[in-house]
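Read through the structure below, which is laid out as structure tokens, and then see the notes.
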Amino acid sequence: MALRPIDNALPTTTPERPKKQPKIAVATQKQQDRAAADNGENQVPLPSSGDATVDYVSSVNLKPLSDPEVQIQSLIEDLNSKNWIKVCESLNNARRFAVFHSPLLFPILGNIVLVVAKTMKNPRSALCKTAIMAAADIFNAFGDKLLDPETSDAVDGLLLQLLLKASQDKRFVCEEADRALGSMVSSMTPLPLLQKLRVYVSHKNLRVRAKAAASLSTCVSKMGLEEMEQFGLAELIEVAADLLNDRLPEARDAARSIATDVYEALTKDAEQKMELWQSFCQSKLPPIHALSMLKIVKP
């Protein structure tokens, strides 16, 4: 009997294995980015001669405007331009108005201060620094006029921005803000400015506290006993006691300066200076803080 073929029987020979195809290297996005960087595709191009640059002009090198009566008409609009180069130019024009044509700038001073404070928030360092320079020139030009009711609120916002910028890590911005704060303190009457600064010595940002404390101590150094009493001797010594325990040395140095100035003003005509100072501190402060104040002043 003949055997019937079985269709699904295993083949007598095994088929050849398919040859492995060579792997095609697929670059990951990270590898592509790295390669692009190596080829210079992701590198910031060096500025060419046609690119815009910003020159930081010192106040002494500013020049008067050629047609200030006409240019003042568009100053606010130019300061709010979307073109940052134009804003920088307009900030410098505002500085020139402050230095050479301040009567033309005064009617719109409140709006100018608001725009300058807003521009300080811009992440572009060139705009920020130019705005800070503008603030310094405005302080020097207008001084106590900035404390008028029409501009006082705008100055509050400007002061906060200056304290924040003085607390930054960018050194050239920080240094410029410090100079502007110095211009503010030197150009304004100490008492009303002290009242504005008082808020910020309790700020949650310790660097802002320190910068505010330094400016506040400079204000106190310019005051006599009568002005200190108008602000409040007790409040001044309480501020000094609080700052003496601050984490930053700049704030603690300001505290010592405030305490020393209050001591000198209070005991100027007294024969028993230390006795008067001890009595004053113990009547205004908790015992531990009073003891700290007594240690600052050396008879």
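The values are calculated or read from the model by the stated rules, or taken from the named source; none is laboratory data. Small disclaimer: the values here were computed from a predicted structure and weren't measured. Here the Cβ is made from the backbone with ideal geometry for all residues, glycine too, and neighbour counts use every protein chain on show. All accessible areas refer to the heavy atoms of the entire protein, side chains included, with ligands and DNA or RNA removed. Shrake-Rupley method; radii C 1.70, N 1.55, O 1.52, S 1.80 Å.
Do we have any residue at all in segment 200-214 that's touching a Pro at 6+ places or on another chain (Cβ under 6 Å) and in contact (Cβ under 8 Å) with a residue 12 or more places away in the chain? Among the residues of segment 200-214, not one is touching a Pro at 6+ places or on another chain (Cβ under 6 Å) and in contact (Cβ under 8 Å) with a residue 12 or more places away in the chain, which makes the answer no. On the basis of being farther than 17 Å from residue 175 by Cβ, among the aromatic types (Phe, Trp, Tyr) and open to solvent by less than 50 Å² (accessible area, probe 1.4 Å), does residue 106 make the cut? No; evaluated as a whole, the condition is false for this residue. Could you pull out the residue among 166, 136, 154 that is crowded, with 18+ Cβ neighbours inside 10 Å and either within 23 Å of residue 61 (Cα to Cα) or touching a residue at least 60 places away in the same chain (Cβ under 8 Å) (or both)? From the options 166, 136, 154, the qualifying one is 136.
May I ask you to verify whether residue 294 is open to solvent by 20 Å² or more (accessible area, probe 1.4 Å), among the aliphatic types (A, V, I, L, M) and at pLDDT 95 or above? No: the conditions fail for residue 294. In segment 139-151, of all residues being assigned to a helix (DSSP H, G or I) and of a type in the set (Asp, Glu), the one that is least open to solvent (accessible area, probe 1.4 Å) corresponds to 144.
Scan segment 204-226 and give yes if some residue there is within 16 Å of the chain's Cα centre (by Cα) and not in a helix (DSSP H, G or I), otherwise no. Looking for residues that are within 16 Å of the chain's Cα centre (by Cα) and not in a helix (DSSP H, G or I), one finds at least one in segment 204-226, hence yes. Filter segment 116-133 down to the residues that are part of a helix (DSSP H, G or I), of a type in the set (D, E, K, R) and over 21 Å from residue 151 (Cβ atoms) and list them by number. The answer is 129, and nothing else.
Being among the basic types (Lys, Arg), surrounded by fewer than 17 Cβ atoms within 10 Å (Cβ to Cβ) and touching a residue at least 24 places away in the same chain (Cβ under 8 Å) is a property that does not hold for residue 171.
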